[in-house]
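As structure tokens, the structure follows; a few thoughts come after it.
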Amino acid sequence: MSLPPTKDNKIVKRDKVSEILNAKKEDFTVKYILRDLGLGKFPNRDKIYELNDKVILNKGDYKGINKKTETTLGKLLINKIIFDPVGYDYQNDTFTEKKIQYHLNYIGAKVLNKELDMKEYKSLLNRFEDFSLRMSSFVNPSLSVDMMNVDDSIKKLRNKLIKENKEAIENGDTEIVSEIEEKLIEKVKEVYKDNPQMQHYLSGAGPSLGNSFKKSSLMVGAIPANLNSTKFHVTTSNYVDGLKKSDIHKVSSSMILGGYFRA
């Protein structure tokens, strides 16, 4: 909901911004957000706004806004619905998992310092949970084969890098393998920069590019040979295309090793 705007995003009209600023917490129903604010598409009614359309806040519009500030409709809604009732300053952030956790912990510390009543903090957490779950089915993109089965240009680069570094890969050179993976992930970001599915990976709210996506669609990569070894196996196949027969026992072993490492 809080992704930054692109060059194609428009500016939300001032009367709509004022309407949101003056709304009470009980006003923010799904019906209001999707239909009245124009964020949803209905029969005989086109979608008016996107969550990352630009919002201009003037000095004094919101606590913590001391100068003219460009934000987005999604960020304004998150601030207004979740944080505003406890008087928190406006946060012009892309709300990744880490950012959300930071703000919740920061506000929670106010309870310990007797600056905020525990009932207010509980209400904040309830609003966060309710709003996140309630809106997720409407605004979260779905994973599909479009991105999981990667573009041919990415496959071509992967095959080229594997061929050029064949000896290093066979020797388990983890530094070279890491460089290959980084180049592939950068290529993925370039190819899918406008794909809504990238929100899953870049927001921090779901799987990561460097682990989940890499293993599923690019290459599994380096796997420790055993618990006490400094050597690594390298698997250049992935889960979507299918593991090579010679790699199956290596990947299986990594699942056992992972349990020891976490412990």
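Values in this text are rule-based calculations from the coordinates and carry no lab data. Every value quoted in this text rests on a predicted model; they were computed, and no experiment measured them. With ideal geometry, Cβ positions are generated from the backbone for all residues, glycine too; neighbour counts draw on all protein chains shown.
Beyond 19 Å between alpha-carbons counts as too far, so tell me which of Lys98/Lys193; Lys156/Lys183; Lys155/Lys215 fall in that bin.
Lys98/Lys193
Gap in Å between the Cα centre of region 75-131 and the Cα centre of region 141-203?
36 Å
Go ahead and estimate [θ] at 222 nm for the chain from helices alone: -39,500 (n - 2.57) per DSSP H run with n ≥ 4, summed, over the residue count, rounded to 500.
Helices in the chain give a 222 nm mean residue ellipticity of -13000 deg cm²/dmol.
Return the aspartates and glutamates within reach of Lys187: Cα separation strictly under 20 angstrom, same-chain partners fewer than 8 residues apart disregarded; answer none if there are no such residues.
By straight Cα distance, Lys187 reaches Asp146, Asp151, Asp152, Glu164, Glu175, Glu179, Asp241.
How far apart, in nm, are the 7 Å Cα→Cβ label points at Lys25 and Thr96?
Placing both labels 7 Å beyond Cα along the Cβ direction yields 2.9 nm.
What does DSSP give for the chain in terms of the percent of beta bridges that are antiparallel, rounded to the nearest 5?
That works out to approximately 90 percent antiparallel.
Full extension from Lys10 to Met148: what is 0.36 nm times the residue separation minus their Cα-Cα distance, to one decimal in nm?
Details: separation 138, 0.36 × 138 = 49.68 nm, distance 3.07 nm.
Extra length from Lys10 to Met148 when fully extended: 46.6 nm.
Quote the charge dipole size of region 14-139 about the Cα centre in Debye, to the nearest 20; the model charges only the Cβ of Lys and Arg (+1) and of Asp and Glu (-1).
80 debye
Filter the trypsin sites (Lys or Arg not before Pro) in region 4-99 down to the DSSP loop ones having no more than 15 other Cβ atoms within 10 Å, then list what survives. Let's see the in-between values first.
On the way: sites: Lys7, Lys10, Lys13, Arg14, Lys16, Lys24, Lys25, Lys31, Arg35, Lys41, Arg45, Lys47, Lys54, Lys59, Lys63, Lys67, Lys68, Lys75, Lys80, Lys98, Lys99; in loops: Lys7, Lys10, Lys13, Lys24, Lys41, Lys47, Lys59, Lys63, Lys67, Lys68.
Sparse-neighbourhood loop trypsin sites (Lys or Arg not before Pro): Lys7, Lys10, Lys13, Lys24, Lys41, Lys47, Lys59, Lys63, Lys67, Lys68.
Is there a quick way to get the dipole size of region 75-128? I mean about its Cα centre, with the Cβ of Lys and Arg at +1 and of Asp and Glu at -1; what is the value in debye to the nearest 20?
120 debye
Expressed in nm², what is the orientationally averaged projection area of the convex hull enclosing the Cα positions of the chain? Display every interim value, and only then the final one.
Details: hull surface 74.4 nm².
Directional mean of the projected Cα hull area for the chain stands at 18.6 nm².
Can you spot the lysines whose alpha carbon is less than 26 Å from Lys31's alpha carbon? Ignore those fewer than 8 places along the same chain.
Partners within reach: Lys10, Lys13, Lys16, Lys41, Lys47, Lys54, Lys75, Lys80, Lys122.
Summing Lys, Arg as +1 and Asp, Glu as -1, what charge do residues with Cβ under 13 Å from the Cβ of Lys24 carry, Lys24 excluded?
With Lys, Arg at +1 and Asp, Glu at -1, the net is -1.
What is the gain in length, in nm to one decimal, between Leu243 and Thr230 on full extension, counting 0.36 nm per residue of separation less the C-alpha to C-alpha distance?
Gain in length upon complete extension: 2.3 nm.
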